[in-house]
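Right, one structure below, let's go through it.
Read the figures in this text as sums done on the coordinates, not as results from a lab. Keep in mind the model is a prediction, meaning the values are calculated, not measured.
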Amino acid sequence: MLVKLTQDLKNGFGPWKEMLLANGHKLKEHGMTCIFAATEKDNDNKLTVILDFATPEGMMGFKNDEELTQRRIEAGAMVETTVMTPMTSEAVTNFSG
């Protein structure tokens with residue numbers, strides 16, 4: 001299940017990226033893979049992430065994980081701005097023609 005997550009950051013991409021890499025065990029716990037994560041070229045505080053969840057329950061586990069939410073906040077994530085949008089199962093990925 002692919003999900004687009006958008007979120008504002010306080011401290012730019014660097015601290016958020018460090019938090020993500022330090023919490024790989026949490027991704028595994030929730031059955032999620034980070035497909036893509038980056039900030040806008042002209043705004044290091046506008047984050048877009050594409051996540052792949054193995055199950056809808058994994059997505060709910062991520063959303064309700066208070067420990068991980070606190071780590072995200074500490075890394076500068078403004079969690080009140082988080083928008084998670086489920087994407088179609090008809091996605092095209094890694095196509096180069």
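Structural descriptor for region 2-86: relative contact order 49 percent, calculated from alpha carbon pairs under 8 angstrom and at least 6 residues apart.
For P(r) over Cα pairs in 5 Å bins from 0, in percent, computed directly from the structure shown, the correct entry in [x] 3, 13, 23, 27, 19, 10, 4, 1, 0; [y] 2, 11, 13, 17, 14, 13, 13, 9, 5, 2, 1, 0; [z] 2, 12, 25, 24, 19, 11, 5, 1, 0 is [x]. You can think of it this way: the chain between N11 and K63 has 16.6 nm of extra reach, that is 0.36 nm per residue less the Cα-Cα gap.
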